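These notes are about the structure you will find just below.
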Amino acid sequence: MKIIMVSILVIMLLILTVLPLQVLAGDSDNPEFEDRIFDVKLFGIFPFPLQNNLKYADIVSAWFHEDIGNPDYLYVTLKIRALQEKTGLEAIYDVDWTFNNNYYITCVHANPTGFGGFVIGKSIDGDDDFESWNYCDGNFNVEDNTITWIVPKDKIGDPHPLNTLTDIFPSTHLRFTDNSGLPLWDLFKDLAWNAKTTKDYTIQY
């Protein structure tokens, strides 16, 4: 009888451990970050009326997720209102977060010739200068308006189960292309300051 009671207790503890992890997994219906749409701003400050011209820079949501069959990777997905493979201005898509007092970013650029490489950056002091960069796999899906980075966990501090990723902050930036001969200012930005909801992500595997 004692063995049965101990077994039941162990099973209950396992269930209580697994259930929160399932709830904390992000997806399109339960994203870690949900933005307000029609909010791309001139220089990231001034409201701009022609939002339909900027819909390929308008953030909808962002979420993190994992695959039990591929536990060494973190999947970071950014959803845009109307993603385009080729853009008039250069579009820069980022998702930032904090882990273990370091700052990480996933990034990809799109321009009139298509989209570029998927990269991961790391900053140790939280400024805009990321000290190290690594390439990663990813996909640019214009059918469902999502960008996904497939990030090796050993490039982002090697987080373990129950570790938490905080300060999730997606952003988009539109600027003149490198070969335009014009200043490379961020003309339009969608920043995360006015998010509808934002929450942390807990590593599962």
Computed lengthening from residue 68 to residue 150, 0.36 nm per intervening residue step minus Cα-Cα distance: 28.1 nm
Stretch gain in nm, segment residue 55-residue 102, where the contour uses 0.36 nm per residue and the Cα spacing is subtracted: 13.8 nm
Simple label model, 7 Å out from Cα along Cβ direction - residue 199 to residue 137, nm: 2.9
Length-normalised contact order for the stretch 2-202 - Cα pairs under 8 Å, 6+ apart - percent: 24
Residue 28-residue 164 pseudo-label distance in nm [points 7 Å out on the Cα-to-Cβ vector]: 2.9
Angle between the chain longest axis and helix 2-24 axis [Cα atoms, degrees, rounded to 10]: 10
Of (i) 0.95; (ii) 1.01; (iii) 1.06, the label for Rg/Rh (Cα atoms, Kirkwood Rh) derived from the coordinates: (iii)
Among the listed pairs 41/153; 86/189; 86/153; 55/153, those beyond 27 Å (Cα-Cα): 41/153; 86/153; 55/153
Using θ = phi - 60° and Karplus 6.51 cos²θ - 1.76 cosθ + 1.60, couplings along the stretch 174-184 (whole Hz; Gly, Pro as x): 10, 9, 5, 6, 4, 8, 7, x, 9, x, 8
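We did not get these values from a lab; they are worked out from the coordinates using the rules stated. Note that the structure is a prediction, hence the values are computed from the model and not measured. All Cβ positions, glycine included, derive from the backbone under ideal geometry; neighbour counts span all protein chains shown.
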